[in-house]
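Read through the structure below, which is laid out as structure tokens, and then see the notes.
Throughout, read-outs are computed from the coordinates displayed, never taken from laboratory work. Note that the structure is a prediction, hence the values are computed from the model and not measured. Here the Cβ positions follow ideal geometry from the backbone for every residue, glycine too, while neighbour counts run over all protein chains shown.
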Amino acid sequence: MNKKLPHTLIILLGPTCVGKTSLSIRIARLFETEIISCDSRQLFREMAIGTAVPDKVLLENIPHHFIQTHSIFDIYNAAKFEAEVLDKLRHMFEIHDFVVMTGGSMLYIDAVCKGIDDLPDIEPELRTALSERMQKEGIEQLRAELKLLDPAYYREVDLRNPVRILHALEICYTTGKSFSSQRSKTVKKRNFRIIKIGLNLDRRELYDRINRRVDEMMIAGLEQEAKNLYPHRHLSTLNTVGYRELFDYFDGHCSKAEAVEKIKSNTRKYARKQLTWFRKDTDIQWFHPNQEEEIVQLISNYG
RNA sequence: GGUGCCAUAGCUCAGUUGGUAGAGCAACGGACUGAAAAUCCGUGUGUCCCUAGUUCGAUUCUUGGUGGCACCA
């Protein structure tokens, strides 16, 4: 391959359970390259079964990055992911023209492709204090505070969404400046080419696959995995489909069968939410997961 | 075979003293730059089983069907 051509990041994305993993491995093998996982939950080594981490055999065949590399006890977010992936890509592009990134974490994909604003980390104490105030004083009080500190953001933010209010206040208090003044809203330049390949299935088939995979996770021991994590259930990372429903069951709020049904239902909702996000991204070229030849052809055209 | 009950959204069901209907679940859509598998917002999608009557008007009342369930034979 011609080394003078720009390096290319091939992003395989799509809703959960659509078949991204197996296709990404075949494509990575064909182009003799490696895979970056873009999955905000497979990052954590404590959550293997519930996040559908690929088989060891598959992982050993093709080098994977960002799978089970972090701990649920670490603070992690899309900005850290952006920085770590860009750093990794620098090294990978020294030996590969193509790198495959695969996953369905929408914000994380955007962070890698478009960048994310440079904001300071939030002290855990501040986060806790503001959350407690939200509980005690109610959202109205914090809204009023945001109106004083950052009237511009107050005007455009979804005032009913507590997480948005809290985060804006966190940034205001940490930096001493308004949140809106630090939002660049600009797309960062990348020195590599990006091809976004979207995978989608007929809705019925996607749901069948999701339902089946949840059953398989239960057989594989998801309940025990969740039980081991139960003591840490208040970590935000464990506020994840597949775990929180089982925590409810452990707490006696529902039967095991109801928890499993709830996992399926919430996974289907998650898939829909992913599709809503991807739908507005006009850079994505859509395929059926079995259109492997067409996808390979498309990538080859860029080489 | 006889008698009784039921038939309304994808499912379970409510309701209309006659003015074409609504809950839960499911489904569907949207927002979203540092918790993102998170968080937040929105949408009822219908030959009210069919037929013939009564009526200005029938999903509702009446006749006759069809299907289901129960009981009696």
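For the pair A:Ala220 and A:Asp110, label points projected 7 Å from Cα toward Cβ lie 2.9 nm apart.
Think of each Lys and Arg Cβ as +1 and each Asp and Glu Cβ as -1; about the Cα centre, that makes the dipole of segment A:42-105 roughly 100 debye. Shown here are the Rg and Dmax of the Cα trace of segment A:45-87, at 11.7, 31 Å. As a proxy for reagent exposure, A:Val163, A:Val100 were ordered by neighbouring Cβ count within 10 angstrom, fewest first; the result is A:Val163, A:Val100. Along its first, second and third principal axes, ordered by size, segment A:240-303 spans 56, 23, 16 Å in Cα coordinates. Pairwise Cα distances in segment A:68-124 exceed 16 Å in 52 percent of cases.
Taking the Cα centre of chain A as origin and charging only Cβ (+1 Lys, Arg; -1 Asp, Glu), how large is the dipole, in debye to the nearest 20? Numbers along the way, then the final one.
Values: 45 positive and 43 negative charges, 161 e Å.
Dipole of chain A, to the nearest 20 debye: 780 debye.
Distances between placed amide hydrogens fall under 5 Å for A:Leu199 paired with A:Leu13, A:Gly14, A:Phe287, all partners being 5 or more residues away or on another chain.
Available extension along the chain between A:Arg183 and A:Lys273 is 30.0 nm, counting 0.36 nm per residue and deducting the alpha carbon span. Residues A:Asp118, A:Asp281, arranged from fewest to most other Cβ atoms within 10 angstrom of their Cβ, appear as A:Asp118, A:Asp281. Fully extending the segment from A:Lys88 to A:Asp117 would add 8.5 nm, taking 0.36 nm per residue of separation and subtracting the current Cα-Cα distance.
By its C-alpha gyration tensor, with a ≥ b ≥ c as the square roots of the eigenvalues, how is segment A:1-90 shaped: rounded for a/c under 1.5, else prolate for a/b larger than b/c, else oblate? In terms of gyration-tensor shape, oblate. May I ask you to list, by number, the DSSP H helices of chain A whose Cα span along the axis is at least 30 Å and whose average Kyte-Doolittle hydropathy reaches 1.6 or more? In chain A, no H run is both long and hydrophobic enough. Shape class for segment A:129-275: oblate, because the ratio a/c of the largest to smallest gyration tensor axis (alpha-carbon atoms, square roots of eigenvalues) is 1.5 or more and b/c is at least a/b. For the residues A:Met106, A:Met47, A:Met92, a GNM of chain A with alpha-carbon springs under 10 Å puts the largest fluctuation on A:Met92.
For chain A, relative contact order (Cα pairs under 8 Å, six or more residues apart, normalised by length) works out to 28 percent. Close amide H pairs (under 5 Å, H built 1.01 Å from N) link A:Gln68 with A:Leu43, A:Phe44, residues at least 5 positions away or on another chain. Please state the shape class of chain A: rounded when a/c is under 1.5, otherwise prolate if a/b exceeds b/c and oblate if not, all from the C-alpha gyration tensor. The shape class here is oblate. Comparing A:Cys17, A:Cys113, A:Cys254 in a Gaussian network model of chain A where C-alpha atoms under 10 Å apart are linked, the largest mean-square fluctuation is found at A:Cys254. Overall, the ratio between the Cα radius of gyration of segment A:131-207 and 2.2 N^0.38 Å, rounded to two decimals, is 1.62. Taking the Cα centre of segment A:1-134 as origin and assigning +1 to Lys and Arg Cβ atoms and -1 to Asp and Glu Cβ atoms, the resulting dipole is close to 540 debye. Pairwise inverse Cα distances across segment A:72-204, averaged and inverted, put the Kirkwood hydrodynamic radius at 17.4 Å.
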